[in-house]
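One structure below.
The values are calculated or read from the model by the stated rules, or taken from the named source; none is laboratory data. Just so it is clear, the structure is predicted and the values come from calculations on it, not from any experiment. All Cβ positions, even for glycine, are placed from backbone atoms using ideal geometry, and neighbour counts span all protein chains on display. Just so you know, the surface numbers come from the protein's heavy atoms only, side chains and all, with ligands and any DNA or RNA stripped out. Shrake-Rupley method; radii C 1.70, N 1.55, O 1.52, S 1.80 Å.
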Amino acid sequence: GFSYTTSDMYLYDAQTSQFIPLENGTTVTMKANALGRYYLTSHKSVSIDGEQGDADVHIYRMVNGTVVVQSPVPGLLSSVDIYSLAGGIIASARLDGLLSWTWSVPSGIIVVKVTTSDGRVITRKYAR
């Protein structure tokens, strides 16, 4: 736990897209199967560009390099591809039925391409 910090601390809940302020003495309890759901951050911004996407698709680049793709709409996320700046594929996944997907990516500039079940393609570029 934290006993003292000079800056604000937040627990980011990637499933609900909420920041939980952490103050001295704050206790947080979570289920054991919550891997990839919570992130500790010192600011309310989860990527260098903030949250990006359409109203029902959210793409985040966390400070630790993790990419989070989310949608509150069941079945909307179809696939995600992550590319290096040179165009090589770093990661690719089918997201059929998932509401949230996370992936730890290396440092550098990446391009995240999300395809939805209704045919939309959302592409974002991030740097770390």
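Below are the figures for this structure:
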item	result
Any hit, the stretch 17-25, residues being open to solvent by 90 Å² or more (accessible area, probe 1.4 Å), at pLDDT below 70 and assigned to a loop (DSSP other than H, G, I, E, B)	no
Condition broken by ILE82, with the remaining ones in (1) buried (at least 16 other Cβ atoms within 10 Å of the Cβ); (2) in contact with a Phe, Trp or Tyr (Cβ under 6 Å, 6 or more places away or on another chain); (3) aliphatic (A, V, I, L, M); (4) modelled with pLDDT of 85 or more satisfied	(2)
Residue within the stretch 106-119 that is in a strand (DSSP E or B), open to solvent by 50 Å² or more (accessible area, probe 1.4 Å) and modelled with pLDDT of 85 or more present	yes
Residue in the stretch 85-99 that is surrounded by the most Cβ atoms within 10 Å (Cβ to Cβ), counting only those that are at pLDDT 90 or above and under 24 Å from TYR39 (Cα atoms)	LEU95
Condition check for LEU40: at pLDDT below 80 and outside any loop (DSSP other than H, G, I, E, B)	yes
Near pairs, Cβ below 8 angstrom, 6+ apart or cross-chain, from the stretch 116-128 (farther than 12 Å from TYR60 by Cα and free of Cβ contacts under 8 Å to residues at least 12 places away in the same chain) to any residue that is surrounded by 13 or more Cβ atoms within 10 Å (Cβ to Cβ) and of a type outside the set (Val, Ile, Thr)	VAL121/LYS113
Residues of the stretch 55-85 that turn out to be small (Gly, Ala, Ser) and outside any loop (DSSP other than H, G, I, E, B), as a count	3
Complete set of residues in the stretch 46-68 that are loosely packed, with under 15 Cβ neighbours inside 10 Å and either modelled with pLDDT of 65 or more or of a type outside the set (D, E, K, R) (or both)	ILE48, GLY50, ALA55, ASP56, ASN64
